[in-house]
Amino acid sequence: MSDFLNLKGKMGDWGPFELASSNTLIFSMGNPCEGHGPALSPDNDSRCASFVAYHVSERSGAKFVAHIPYTTDQVGDIALDWSPAYIPMEECVNNCVAFIEYHCKVLQEIGIEFSRIIIINGHGGNYGVDKFSIWDELKTKFRLSDLKFINTYEVDIHEVLQSQDFSTETHDAYLTAVQTGGHADTIEHSIATLYSGIDYGKFYQMNKFIKTDIGAALKKWPILGGLGGYLKFGGERYEPLRKVGLERCLRQFEEDGQIYLFPELAQIVMEHLVKRITNIIRS
């Protein structure tokens, strides 16, 4: 066969994306089964992370490889009460590394080159998984120039809102929603509107019940308002939830007396996040 007919190694600069971007792999992770109330699916955090990963891949040229199926929680084994897929953090990290390593080996075997990995996390309970030294071992093994974790819930809301022309009332409501966000609350339900992740009929029925008797609602769906039912009625067993800031989410939920939907806020926040990650990859 004539040499010009063999394109192996000749397509590195083809297409609209920079080589550094196309040599970046994206993995997402969240939680495949966690209570969020009747209006959101149990895999909501995974859907959120995959949504961000897809849009970042689309814009940056990085390769969205796979969604990591494992999950953990920084508050430990009590998470099994609302998150049946929970496994201890070290076990989760080891499983995640093995999962990524498998996919990296497959890519190498078929001749796909890569030099960086971005892991987009959509579950607050996974906070801390990046602190283990085994990630450095993975980085060394595949000679990566960078391996970075980015959490979907870490957003500078002041930066997000400063360029927007909102009324004072809307600005303050949006600011409060993000700053007091925790779990199964206004911001999480709002973001789910972006990826068809919310059942509006169930949402309105749930909100009607909350407005009627918020205490009864927290007993019926203890995951609402930052796992508010566990905090309010669960006693000492759930004290670790206070240490990760979920009590402020409960207080805001009780003050609001309902869950709001702010699709406009969700769109602005997620657009800001996608742009920020895309710029990280391009740089």
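Let's see how each residue does on (1) more than 21 Å from ASP43 (Cβ to Cβ); (2) modelled with pLDDT of 95 or more:
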{"residue": "GLY215", "(1), (2)": "yes, yes"}
{"residue": "TYR230", "(1), (2)": "no, yes"}
{"residue": "GLY235", "(1), (2)": "yes, yes"}
{"residue": "VAL244", "(1), (2)": "yes, no"}
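The condition (being without any contact (Cβ under 8 Å) to a residue 60 or more places away in the chain, closer than 28 Å to SER196 by Cα, open to solvent by less than 10 Å² (accessible area, probe 1.4 Å) and in a helix (DSSP H, G or I)) is satisfied by just one residue among ALA53, ALA49, ALA79: ALA79.
So that you can scan it fast, the table gives a plain yes or no per residue for (1) open to solvent by less than 50 Å² (accessible area, probe 1.4 Å); (2) within 20 Å of the chain's Cα centre (by Cα); (3) without any contact (Cβ under 8 Å) to a residue 40 or more places away in the chain:
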position: CYS104; (1), (2), (3): yes, no, no
position: GLN108; (1), (2), (3): no, no, yes
position: PHE114; (1), (2), (3): yes, no, no
position: ILE117; (1), (2), (3): yes, yes, no
position: ASN121; (1), (2), (3): yes, yes, no
position: LEU147; (1), (2), (3): yes, yes, yes
position: GLU159; (1), (2), (3): no, yes, no
position: PHE166; (1), (2), (3): yes, no, yes
position: ALA177; (1), (2), (3): yes, yes, no
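Looking across ASP136, ASP130, one residue alone is surrounded by 12 or more Cβ atoms within 10 Å (Cβ to Cβ), of a type in the set (Asp, Glu) and modelled with pLDDT of 95 or more. It is ASP130. Is there any pair with a first residue in the range 192-211 that is in contact (Cβ under 8 Å) with a residue 60 or more places away in the chain and of a type in the set (Gly, Ala, Ser) and a second that is open to solvent by less than 60 Å² (accessible area, probe 1.4 Å) and in a helix (DSSP H, G or I) whose Cβ atoms are under 7 Å apart and which are 6 or more apart or on different chains, and what are they? Here the result reads ALA192/ASN44; GLY197/ASN44, each pair linking the range 192-211 to a residue that is open to solvent by less than 60 Å² (accessible area, probe 1.4 Å) and in a helix (DSSP H, G or I). Count of the range 56-76 residues, restricted to those that are part of a helix (DSSP H, G or I) and touching a Pro at 6+ places or on another chain (Cβ under 9 Å), is 1.
Just one of (1) over 16 Å from LEU227 (Cβ atoms); (2) not in a helix (DSSP H, G or I) fails for VAL93. It is (2).
Rundown of residues vs (1) modelled with pLDDT of 95 or more; (2) open to solvent by 10 Å² or more (accessible area, probe 1.4 Å); (3) in a loop (DSSP other than H, G, I, E, B), yes/no style:
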| site | (1), (2), (3) |
| --- | --- |
| PHE4 | no, yes, no |
| MET11 | no, yes, yes |
| TRP14 | no, yes, yes |
| PHE27 | yes, no, no |
| PRO32 | yes, yes, yes |
| GLY35 | yes, yes, yes |
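Within the range 250-267, the set of residues being assigned to a helix (DSSP H, G or I), under 15 Å from SER190 (Cα atoms), over 16 Å from the mean Cα position of the chain (by Cα) and among the hydrophobic types (A, V, I, L, M, F, W, C) comprises PHE253, LEU265. Within the range 179-197, the only residue that satisfies the criterion of being open to solvent by less than 20 Å² (accessible area, probe 1.4 Å) and of a type in the set (Val, Ile, Thr) is THR186.
The values are calculated or read from the model by the stated rules, or taken from the named source; none is laboratory data. Treat the numbers as computed from the prediction; the structure is a model and nothing was measured. So basically every Cβ, Gly included, is an ideal-geometry build from the backbone, and we count neighbours across all protein chains shown. Each accessible area value is taken on the protein alone, full model and side chains, heavy atoms only, with ligands, DNA and RNA left out. Shrake-Rupley method; radii C 1.70, N 1.55, O 1.52, S 1.80 Å.
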